[in-house]
1. Of these, 554, 488, 520, 590, which one is under 16 Å from residue 148 (Cα atoms) and surrounded by fewer than 23 Cβ atoms within 10 Å (Cβ to Cβ)?
2. Which ones in the stretch 293-328 are over 27 Å from residue 205 (Cβ atoms), touching a helix residue (DSSP H, G or I) at 6+ places or on another chain (Cβ under 6 Å) and in a helix (DSSP H, G or I)?
3. Which condition number does residue 343 fail, the rest of (1) more than 30 Å from residue 285 (Cβ to Cβ); (2) in contact (Cβ under 8 Å) with a residue 24 or more places away in the chain; (3) assigned to a helix (DSSP H, G or I) being met?
4. Can residue 82 be described as in a loop (DSSP other than H, G, I, E, B), over 17 Å from residue 366 (Cβ atoms) and more than 15 Å from the chain's Cα centre (by Cα)?
5. Residues in the stretch 119-151 that are touching a helix residue (DSSP H, G or I) at 6+ places or on another chain (Cβ under 7 Å) and closer than 17 Å to residue 243 by Cβ: how many?
6. Out of all the residues in the stretch 503-515, is one or more part of a helix (DSSP H, G or I) and either surrounded by 21 or more Cβ atoms within 10 Å (Cβ to Cβ) or in the same structural domain as residue 224 (by TED's automatic domain parsing) (or both)?
7. If you scan the stretch 475-514, which residues turn out to be touching a helix residue (DSSP H, G or I) at 6+ places or on another chain (Cβ under 7 Å) and more than 24 Å from residue 435 (Cβ to Cβ)?
């Protein structure tokens, strides 16, 4: 995305007309459930977002467009008619919207290792966003996760910096490439920096936040929002490189991480935000905070605001109590604790991005694209992504591909016929939900479609067989319960007891057993592997899970490669422990049978 420098005088002229309160309004982002359109107009708010689950009722593309339109119309009634920029966590498709295509999470795209495919997914996501008037995608995630116990592990493309950089920039290119009705999407590489390098057990519980910020770390958080205890050389080599590439590719917004580097919260890290990112790397866009993140810097809120803005933060995501933030910024400028020149720099950067995506030319998006949201052509790309993401880990005696004409199949497990479990977190709701949460197709539906009409197929969540004798093949779909962020931090990576019991139950009732693992992370399956004839890592495939059956039965080949190693035991976690281990992992990074 390039910015027309001839617009700079326009920005300077606009900035010169703005009052201090109008400038602070531009530096404020509020969640849509905590603000009305009338309050957007009153406070000259710069941005509104839908957090995970911040949806209209009923949730559909048309109502999304109407909701965003109402907020935008209010912004255009302010004195200077500066449009808002509406943001959403479109992290695997426009995934808050019922009916939009939900693509595989990044972990699956990391297995596919196809930058052209990722760029195509970015373009489709941008089209479906602009159809609803949403101009700002909180994506791509550029984390290089080193510990698979992290609850955001599936947001990373893999454990390797080069892989993350290649696919993250492909996503960024795709999101930025769509021009619709003079509009583009603003990308948001996140979370700066080294969130994937945090160490287990370093998350700090801040009790003063428990009542005011439901995304703040709780005692259950073990690594999310934790501390990356790294030398600067490692931070730069492993975690900074994707951001260098993002800046070079034209990113005009970056989200700061809730985590810390060597004990200092990133939201107050002036060296990394100002000296490294803005000065050394030449980043010309604006920095936005993560959800309520500035609250974590100190028990005194005024101190939080001063530290964050002086460190280089330009826009604060203050999802609920935005008035407190506006008042604190105004007071700090009046007191001389924040220079007004720092405020002017922040607002100039925000306006820069708004001009670049075309909001001043057309603030409405492109409602003519609404018929394309969730269309068949978009779903076919999602099916292709599912096919390419599957990693074949075991195939004893070439059991796969399966014979479409076999006599009998038992399909077991709660993930076999559940769209919500296929999609995982950040799908319609923040944490995701089991069940029929959106439009799509399940693994069971795909098997039923492809297998012969003469094949007897039984679907049983608990694996109880409906046949008089052992079936030809038992297909067990093991699925994690959806999770997001620190609520997904998991110390015990072994399979739950219920899943192990299901495997043992089905094993007794079938001649051959295929296991499909729906999971946002590798699991420790060393003890269960011998009972499986075939094992497929299917990750979190999204709304088009039926495409798994097309590979299972040989219409397409397995081509995926592991984006994360599968450890033999927890002693091989994180990556540094695996590298130091005398034993090889169960399956190494890059492994995948064909």
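The values are calculated or read from the model by the stated rules, or taken from the named source; none is laboratory data. Remember, it's a predicted structure, so these values are computed and weren't measured experimentally. Counting neighbours? That spans all protein chains shown, and the Cβs are built from the backbone with ideal geometry, glycine included.
1. Going through 554, 488, 520, 590 in turn, just one is under 16 Å from residue 148 (Cα atoms) and surrounded by fewer than 23 Cβ atoms within 10 Å (Cβ to Cβ): 590.
2. 326
3. In the conditions (1) more than 30 Å from residue 285 (Cβ to Cβ); (2) in contact (Cβ under 8 Å) with a residue 24 or more places away in the chain; (3) assigned to a helix (DSSP H, G or I), residue 343 misses (1) alone.
4. Values: in a loop (DSSP other than H, G, I, E, B): yes; over 17 Å from residue 366 (Cβ atoms): yes; more than 15 Å from the chain's Cα centre (by Cα): yes.
It is true that residue 82 is in a loop (DSSP other than H, G, I, E, B), over 17 Å from residue 366 (Cβ atoms) and more than 15 Å from the chain's Cα centre (by Cα).
5. 9
6. Yes, there is a match, as at least one residue in the stretch 503-515 is part of a helix (DSSP H, G or I) and either surrounded by 21 or more Cβ atoms within 10 Å (Cβ to Cβ) or in the same structural domain as residue 224 (by TED's automatic domain parsing) (or both).
7. The answer is 493, 507, 513.
For every residue, the table says whether it meets (1) at pLDDT 95 or above; (2) more than 18 Å from residue 345 (Cα to Cα); (3) in contact with a helix residue (DSSP H, G or I) (Cβ under 7 Å, 6 or more places away or on another chain); (4) surrounded by fewer than 17 Cβ atoms within 10 Å (Cβ to Cβ).
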position	(1), (2), (3), (4)
21	yes, no, yes, yes
28	yes, no, yes, no
36	yes, yes, no, yes
40	yes, yes, yes, no
63	yes, yes, no, yes
